[in-house]
Amino acid sequence: MTSDQETPFSRKLRRLRNERGLSVRQLADFVHHGKTYINELERGLKRPTEATARRLDEALGAEGELLRLAPCERATAPDAAILRQSAEPDAPMDEDDLERLHDTVRHLVALDTLHGSEGLYASAARAFRTSQRRLAQSGAEPDVRADIHSALAEVGEVAAWLAYDSDKHQLSRDVATEAILVADLAGDTSMRRFLMSHLAMQSVFLGRPAEALDLTGRVISEEPRSKRVIGMMRVRRARALGGRGQMSEALRELALAREELAGGVGPDDPAWTWWWHAAELAVHEGRIRSAGGDLRGAVASSEQSVMFLPAGQGRDHALFRAWLLSDLVDVKAWQDADQVAWQLMERAPIVGSARVPRIIRLAERRAIRTGAPTWLVDAMREAADAADPAA
């Protein structure tokens, strides 16, 4: 279609967006698309994919009505969306490239949420760096330049996360740092803050708490309007303080984070903050309490993380149970640990996160040192092998 051609879908989409008080840019951020694409959907110039119609339904609370009205295009297969490139690699990037970048983010996030990062991080890093080189050499059409930089920075953030989850930490830090430069070129403060949070999280894991405190302090000092962004940074600070042995200060920081993260995503909150929920906060509290020697408290928090975790997050259902298993071993709750190990045998094979088998194997070594029954050690070994594709 080359001229405005309203459809029942386009009219309903525009009406719902206006009723919810969202700008085109805000709605585009929620569904991982560019504002140009949302404008074209509202004018009837483009058809949504089924996946996009579903995300619009969720973002606008349309209860399936947009999906029913949508004249959907066939969605691109995930692997093809990640790897396909423009037929003219030397040409300036344009709206088609922008949609390819958004497709890449959507498919990577969906696959990671369900199945984990195994096998994805290399494709994601390649997609980011290939597009980055092309953008640096050929540039982009003026009317989509900022949107393409923002979309590419988001691809970089996802690639950095997948590398982190796969224990590829140097690659993760390199990609995140490069993506911050791309976000700065776009003037995308929101994505820059997301990437700073990633680097702070990784600093905690690598035993660099002072670095994590510097990164998060810098973002908080900017006084972002989004309470959820501040809450996210406070969680990272809490983990860093816990890593320094300052458990009381860490728990106070975590309590402040809970206040900031209460409720859903509001108009001032970036769409990428959706995943901060009660289960996520509980798993972080468990790690802080474990590091501070409150082993019973760690078990209670890890149990809450498993209990509160929403359905459809396959990787976290294995990861959070791995932490619970680890905490149960520390308090010598052998029978409870055995039950969780058997749950992991069922769940772990469907996800691919290098963190899951690593957590289980470390807990197995502690179990052996503290005299755990042989039947538990055997169950833990089987669970770790089930979670490890290399085993």
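In order along segment 314-331, the phi-based Karplus estimate (6.51 cos²θ - 1.76 cosθ + 1.60, θ = phi - 60°) of 3J(HN,Hα) comes to x, 4, 5, 5, 7, 4, 5, 5, 4, 5, 4, 4, 4, 5, 5, 4, 5, 9 Hz; Gly and Pro are listed as x. By the helix-only formula, in which each DSSP H run with n ≥ 4 contributes -39500 (n - 2.57) and the sum is divided by residues, the chain has a 222 nm mean residue ellipticity of -23000 deg cm²/dmol. Extension gain for Ala110-Asp174 works out to 20.7 nm (0.36 nm per residue, less the C-alpha to C-alpha distance).
Using the Cβ-Cβ distance between Asp378 and Asp167 with R0 = 22 Å, the FRET efficiency computed as 1/(1 + (r/R0)^6) comes to roughly 0.30. For segment 230-299, the list of chymotrypsin sites (Phe, Trp or Tyr not before Pro) that fall in a loop by DSSP and count at most 14 other C-beta atoms within 10 angstrom reads Trp274, Trp275.
Put simply, the amide H of Thr49, placed in the peptide plane, has neighbours under 5 Å in Glu73, leaving out anything fewer than 5 places away on its chain.
Rounded to the nearest 10 degrees, the inclination of helix 145-165 to the longest alpha-carbon principal axis of the chain is 20 degrees.
Helix 169-186 and the long axis of the chain differ in direction by around 30°, with both axes built from C-alpha atoms.
Of all lysines in the structure, those lying under 23 Å Cα to Cα from Lys12, and not within fewer than 8 positions of it along the same chain, are Lys35, Lys46. Amide H to amide H, with H built 1.01 Å from N, Ala140 comes under 5 Å of Met93, counting only residues 5 or more places away or on other chains.
The mean sequence distance of close C-alpha pairs (under 8 Å, at least 6 residues apart), as a share of the length of the chain, puts its relative contact order at 11 percent. Footprinting exposure proxy ranking of Tyr164, Tyr121, fewest other C-beta atoms within 10 angstrom first, gives Tyr164, Tyr121. Extension gain, Ala146 to Asp90, is 18.3 nm, computed as 0.36 nm per intervening residue step minus the present C-alpha separation. Each residue of segment 97-109 was assigned a 3J(HN,Hα) from its phi angle through the Karplus expression (A = 6.51, B = -1.76, C = 1.60, θ = phi - 60°), giving 5, 4, 5, 4, 5, 5, 4, 4, 4, 4, 5, 5, 5 Hz with x at Gly and Pro. Using only Cα coordinates, the Kirkwood hydrodynamic radius of the chain works out to 22.2 Å.
Against the main long axis of the alpha-carbon atoms of the chain, helix 334-347 sits at an angle near 30°. The simple spin-label model puts a point 7 Å past each Cα toward its Cβ; for Met307 and Ser248 those points are separated by 2.8 nm. Model label points for Ala122 and Glu346, set 7 angstrom from Cα along the Cα-to-Cβ axis, are 3.3 nm apart.
Neighbour counts of other Cβ atoms within 10 Å put Leu206, Leu41, Leu251 in the fewest-to-most order Leu206, Leu251, Leu41. Here the residues Leu319, Leu171, ranked from fewest to most Cβ neighbours within 10 Å of their Cβ, fall in the order Leu171, Leu319.
No value in this document is a laboratory result; all are computed from the given coordinates. This one's a predicted model, so the numbers in the text were calculated from it and none came from an experiment. FYI the Cβ positions are ideal-geometry reconstructions off the backbone, even for glycines, and counts take in every protein chain you see.
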